[in-house]
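Student: Let me begin by handing over the structure; questions about it come next.
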């Protein structure tokens, strides 16, 4: 989901899955908080759109679409967008935004995707992969539903952030779970994540058959400087999210070799 209005209030707590990540319980508050804030509206989403480039006529799966702001932006740029999310509450908000004819489906990225092989030209995964313990099955499914030359464009929490703004983890090379507390519209929310080293991320992409095209640590939209003068400098000079663009190369049969 398109996530994180700011850094957590209570970072890097020991993992506690109980009642964590219940987006249905705070969908309205989350969507309102992230609609026009600095982290999402002027940093993460513009970076995703910049990596996507010209999407006119492209079939795009928004994997973890949340309330649909990225889907709407891609559709406005000429893409044919399908959205999936594990939260019915978030999808209800996406349908309100995108209209009754929008292609929206309840689907968990830990499960097989409900689409045929090669159904999409691109998949966008905006701040969702860090909810998964094992990227392998999910990336394999994304690879399956992409056509030859299709792209996966993804953003995740930066694996180095612990060493700058959070409590350092004891073993950088391990994949570990933790929870953090956030506030959305005054509502306290606990979210659970999985953190892993950078090499584990790139290895997962290549193991799924992707070619790594871009690793990006972008700056926020310059327009945010006037809108958020107190926070822009801080965000533009610290570690934020990490962005990837990877490609599903054509098979020898596809290329005619």
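Student: Go through segment 200-237 and count every residue that is at positive phi and part of a helix (DSSP H, G or I). Outline the logic, then answer.
Tutor: From segment 200-237, those at positive phi are 209; that's our starting set.
Those left that are additionally part of a helix (DSSP H, G or I): none.
Within segment 200-237, residues that are at positive phi and part of a helix (DSSP H, G or I) number 0.
Student: Given the condition buried (at least 19 other Cβ atoms within 10 Å of the Cβ) and either under 23 Å from residue 122 (Cβ atoms) or in contact with a strand residue (DSSP E or B) (Cβ under 8 Å, 6 or more places away or on another chain) (or both), answer yes or no: does some residue in segment 224-239 qualify?
Tutor: No, the conditions are met nowhere in segment 224-239.
Student: Next up: What number goes with the only condition from (1) in contact with a strand residue (DSSP E or B) (Cβ under 7 Å, 6 or more places away or on another chain); (2) free of Cβ contacts under 8 Å to residues at least 40 places away in the same chain; (3) over 14 Å from residue 61 (Cβ atoms) that residue 131 does not pass?
Tutor: (2)
Student: What single numbered condition from (1) within 15 Å of the chain's Cα centre (by Cα); (2) in a loop (DSSP other than H, G, I, E, B); (3) surrounded by 18 or more Cβ atoms within 10 Å (Cβ to Cβ) fails to hold for residue 108?
Tutor: (3)
Student: From (1) surrounded by 14 or more Cβ atoms within 10 Å (Cβ to Cβ); (2) in contact with a strand residue (DSSP E or B) (Cβ under 6 Å, 6 or more places away or on another chain); (3) at pLDDT below 95, pick out the condition that doesn't hold for residue 167.
Tutor: (1)
Student: Out of 142, 84, report the one residue that is surrounded by 14 or more Cβ atoms within 10 Å (Cβ to Cβ), outside any strand (DSSP E or B) and under 17 Å from the mean Cα position of the chain (by Cα). Spell out the reasoning first.
Tutor: Working: 84 fails: outside any strand (DSSP E or B).
Checking each option against the conditions leaves just 142.
Student: Can I ask one more? Out of 18, 67, report the one residue that is part of a loop (DSSP other than H, G, I, E, B) and either at pLDDT below 95 or touching a strand residue (DSSP E or B) at 6+ places or on another chain (Cβ under 8 Å) (or both).
Tutor: Working: 67 fails: either at pLDDT below 95 or touching a strand residue (DSSP E or B) at 6+ places or on another chain (Cβ under 8 Å) (or both).
Matching residue, one of 18, 67: 18.
Student: Anything in segment 145-163 that is touching a strand residue (DSSP E or B) at 6+ places or on another chain (Cβ under 7 Å), at pLDDT below 95 and assigned to a helix (DSSP H, G or I)? List them, or say none.
Tutor: Matches in segment 145-163: 162 only.
Student: So which residues in segment 73-96 are touching a strand residue (DSSP E or B) at 6+ places or on another chain (Cβ under 8 Å) and free of Cβ contacts under 8 Å to residues at least 60 places away in the same chain, if there are any at all?
Tutor: Passing the criteria: 74, 75, 79, 80, 81, 82, 83, 84, 91, 94, 95.
Student: Does residue 64 count as in contact (Cβ under 8 Å) with a residue 12 or more places away in the chain, surrounded by fewer than 22 Cβ atoms within 10 Å (Cβ to Cβ) and over 25 Å from residue 228 (Cα atoms)? Spell out the reasoning first.
Tutor: Values: in contact (Cβ under 8 Å) with a residue 12 or more places away in the chain: yes; surrounded by fewer than 22 Cβ atoms within 10 Å (Cβ to Cβ): no; over 25 Å from residue 228 (Cα atoms): yes.
In short, no.
The values are calculated or read from the model by the stated rules, or taken from the named source; none is laboratory data. Since we're looking at a predicted model, the values are computed, not measured. Here Cβ is always computed from backbone atoms with ideal geometry, including for glycine, and neighbour counts include all displayed protein chains.
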